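These notes are about the structure you will find just below.
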Amino acid sequence: METVHKIGRRKTAVARIYLTEGKGDITVNKKDYKSYFTTGTLQYKVQQPLMLTENLESYDIKVNVYGGGITGQAEAIRLAITRALVHIDADHRIILKPEGLLTRDPRMVERKKFGQKKARKKFQFSKR
């Protein structure tokens, strides 16, 4: 099997993954994913597509991720891994689609507008 390259995005985070056959090593920005994502919740998010398809020890994954915060990065990695697994075997789609893992979350931060304090908040109005 050749290397599968996929991209996942969430908010401003972009994750590029390189998935090869191996023994289950996940490397994020040249670090082990458990040292990069310190909380159990984020580690679970990264592993979720592999756990659902029972491929935890089937593939080695090398990830380059940048932008956004740590949660957005974990969710971007999750989307990229999901896309790679579906590319390898179309039967995985049946398992992953109902979990909502194939959906790219479109929510982004709304831009700040001129003449306002933030995106929607206005400057304080004084009548007198």
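The values are calculated or read from the model by the stated rules, or taken from the named source; none is laboratory data. For clarity, every value in this text was computed on a predicted model and none was experimentally measured. Neighbour counts run over all protein chains shown; Cβ positions are idealised from the backbone, glycine included.
I need every pair where a residue in the stretch 104-128 that is in contact (Cβ under 8 Å) with a residue 12 or more places away in the chain and on the phi > 0 side of the Ramachandran plot has its Cβ under 9 Å from the Cβ of a residue that is of a type outside the set (Val, Ile, Thr) and part of a loop (DSSP other than H, G, I, E, B), sequence separation at least 6 or different chains.
Nothing qualifies.
Which of the numbered conditions does Glu2 fail, given that it passes all the others? Conditions: (1) under 17 Å from Ala74 (Cβ atoms); (2) loosely packed, with under 14 Cβ neighbours inside 10 Å.
The one condition Glu2 does not meet is (1).
Pick from the stretch 39-57 the residues that are over 13 Å from the mean Cα position of the chain (by Cα), among the polar types (S, T, N, Q) and under 19 Å from His5 (Cα atoms): which of them is surrounded by the fewest Cβ atoms within 10 Å (Cβ to Cβ)?
Asn55
Report yes if some residue within the stretch 18-36 is under 22 Å from Met108 (Cβ atoms) and touching a helix residue (DSSP H, G or I) at 6+ places or on another chain (Cβ under 7 Å); otherwise report no.
No, that holds for no residue.
How many residues does the stretch 78-92 hold that are over 13 Å from Ile7 (Cβ atoms) and buried (at least 16 other Cβ atoms within 10 Å of the Cβ)?
Count: 4.
Give me the pairs: first residue in the stretch 65-82 and of a type in the set (Asp, Glu), second residue not in a helix (DSSP H, G or I), beta-carbon distance under 6 Å, and six or more apart or on different chains, which are they?
Glu75/Arg10
Just give me the residues in the stretch 58-74 being crowded, with 23+ Cβ neighbours inside 10 Å and in a helix (DSSP H, G or I), in sequence order.
Result: Gln73, Ala74.
Could you check, for the stretch 38-57, whether at least one of its residues is touching a Pro at 6+ places or on another chain (Cβ under 9 Å) and either without any contact (Cβ under 8 Å) to a residue 40 or more places away in the chain or in a strand (DSSP E or B) (or both)? Spell out how you get there, then give the answer.
Going through the stretch 38-57, the residues touching a Pro at 6+ places or on another chain (Cβ under 9 Å) turn out to be 55.
Remaining after also requiring either without any contact (Cβ under 8 Å) to a residue 40 or more places away in the chain or in a strand (DSSP E or B) (or both): 55.
Yes, the conditions are met somewhere in the stretch 38-57.
Does the stretch 65-77 contain at least one residue that is modelled with pLDDT under 95 and closer than 23 Å to Glu2 by Cα?
Within the stretch 65-77, not a single residue is modelled with pLDDT under 95 and closer than 23 Å to Glu2 by Cα.
So, in the stretch 81-107, of the ones that are among the small types (Gly, Ala, Ser) and in a loop (DSSP other than H, G, I, E, B), which residue ends up farthest from the chain's Cα centre (by Cα)?
Applying the filter and picking the extreme gives Ala90.
Find all pairs meeting these conditions: Cβ atoms under 8 angstrom apart; at least six residues apart or on different chains; first residue within the stretch 2-19 and closer than 17 Å to Val86 by Cβ and aromatic (Phe, Trp, Tyr); second residue modelled with pLDDT of 95 or more and outside any strand (DSSP E or B).
If the second residue must be modelled with pLDDT of 95 or more and outside any strand (DSSP E or B), no pairs are left.
Among the listed residues Gln116, Gln124, which satisfies the condition of being in a loop (DSSP other than H, G, I, E, B), surrounded by 11 or more Cβ atoms within 10 Å (Cβ to Cβ) and of a type in the set (S, T, N, Q)?
Testing whether each residue is in a loop (DSSP other than H, G, I, E, B), surrounded by 11 or more Cβ atoms within 10 Å (Cβ to Cβ) and of a type in the set (S, T, N, Q) leaves just Gln116.
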